[in-house]
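Please treat every number below as a calculation from the coordinates, not as lab data. A quick note: this is a predicted structure, and the numbers were derived from the prediction, not measured. Every residue, glycine among them, receives a Cβ derived from its backbone with ideal geometry; neighbour counts consider all protein chains shown.
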Amino acid sequence: MFDSGVGGLTVLHECLVSLPQEDFLYLGDTAMFPYGDKDPAELRQRIGRIAGLLLDRGAKLLVIACNTATSVGQEVAREVAAARGVEVVPVVEPQAEIAAAITANARVGVLATPNTVASGAYRRALEAVGRGLDVVEVAAPDLASFIQDGALFDGDTMAMARSYCRPLQEAEVDTLILGCTHYPLVAPMLQRILGRDVRLVSGGHAVAAAVQRTLEGSGLAREARGEGSYDFLCTGDCEAFHEIGTRFLQMPLGEVEQVEI
Ligand code: DGL
C-alpha cells in the first residue's frame, strides 16, 4: 500500500480493522508530499518506481491508498503490477461506486486536491455508474497540508472547511466524497457544516471492502484467523512519520524504514 505520506494511514487503519489476518507493508512518500499540486508527469514516474519497490518486497496485491496518486497515476501502477501478475486496488472507483449507490437526490459532491479534481477521475468514475448523477467537484489546495501540520481543530481550519463547503451546499449535494486521505480527520467539522443528512464517503471503508473482494476473488485471501503484521517505509524523516502517522493510523506504529525512490 502506498500514499504521498501519512494520509493513507487512514486507509490502512480501515484495512487493519477489516482484515486483521493479512500482512501490510505501507510506503509513505513523505519526501514528495504533497502530491496534490505536483507535476502529474513527475508523479507518474515516481508511482511506477514505488509500485516496483513494493512488488520487489513481495506484495500479492498493490493498494493505492492515495486519491491523487490514483487519479494521476493509476494506469502506471497497473502496468507495473500487471507485468508481475499482481492486481491493483485504487481508491477512487470503489468510493465512487458507494457514493453513487447511496445518493438519494443524485447530487454528489467531491472534495479533493487540485490534481485530483483536474484529472476528472471522480467525475469519470461516477459517470461510469450510469445513474446520470450531478457531480460537483471542489478543489481544496491547502486543506491536506493544514490538517497534516497539526492545525486540526483550530478556527482557521473550520473557516477553510466552511468556504470549501459553500458550493456543495449551494448545489444541495446529499452525498460528499472525501476525495483525499486527510479529510476523515475533519469529518466532524464537515458534517456539522453540511448538516447530518449529508452522507460522507471516506476512502478507507471503500478500499478495505475492495481489498477483501479482490483477495477473495483471486484466491489470495488468508483465513480469517489471528493477526498479521504491518510495517512501514517512508522516503522522508522517519521520526516525523512516526509521530504524525500515529495520529492518522490510530494504532501503534512500530519501526519505520527509510527508502529512496
Ligand atoms: N494522499 C493525498 C491525497 O489523498 C494527500 C494530499 C496530497 O498529497 O496532496 O490526495
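Values for this structure:
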read-out	value
Radius, Kirkwood style, for segment 217-261 when every pair of distinct Cα atoms is counted (Å)	12.6
All Cα pairs of segment 127-225, percent lying beyond 23 Å	38
Candidates per trypsin sites (Lys or Arg not before Pro) in segment 100-197, loop by DSSP, up to 13 other Cβ within 10 Å	131, 196
Cα centroid of segment 21-86 to Cα centroid of segment 238-261, whole Å	18
Relative contact order for segment 110-225, counting Cα pairs under 8 Å that sit 6 or more residues apart, in percent	26
Selection of chymotrypsin sites (Phe, Trp or Tyr not before Pro), segment 63-155, meeting DSSP coil and at most 15 other Cβ within 10 Å	153
Label zone at residue 152, where the point sits 7 Å out along the Cα-to-Cβ direction: segment 174-206 residues whose backbone N lies under 15 Å	181-190
Rounded to whole Hz, the Karplus (6.51, -1.76, 1.60) HN-Hα couplings of segment 5-14, x for glycine and proline	x, 8, x, x, 5, 5, 6, 4, 3, 5
Excluding exposed DSSP-loop GluC sites (Glu not before Pro) (at most 11 other C-beta within 10 Å), longest clean stretch of the chain	1-222
Vicinal HN-Hα couplings computed from phi for segment 158-170 (Karplus, 6.51 cos²θ - 1.76 cosθ + 1.60; Hz; Gly/Pro x)	4, 5, 5, 4, 4, 5, 6, 7, 4, x, 6, 5, 4
Once the Cα gyration tensor of segment 1-138 is diagonalised, semi-axes √(5λ) in Å	25, 18, 14
Residue 23-residue 41 pseudo-label distance in nm [points 7 Å out on the Cα-to-Cβ vector]	3.9
From the C-alpha gyration tensor of the chain, square roots of 5λ in Å	27, 21, 18
GNM top mover of 19, 62, 220 - the chain, alpha-carbon springs below 10 Å	220
Electrostatic dipole magnitude of segment 107-261 [Cβ: Lys, Arg +1; Asp, Glu -1; Cα centre; debye, to 20]	820
At q = 0.23 Å⁻¹, base-10 log of I(q)/I(0) for segment 77-200 (Debye sum, equal scatterers on each alpha carbon)	-1.35
Student exercise, the chain dipole from Lys, Arg, Asp, Glu Cβ charges, in Debye to nearest 20	680
Residues 102, 193, sorted so that the one with the fewest Cβ neighbours within 10 Å comes first	102, 193
Cβ-based charge dipole, the chain, positive-most Cα from 214, 66, 141	214
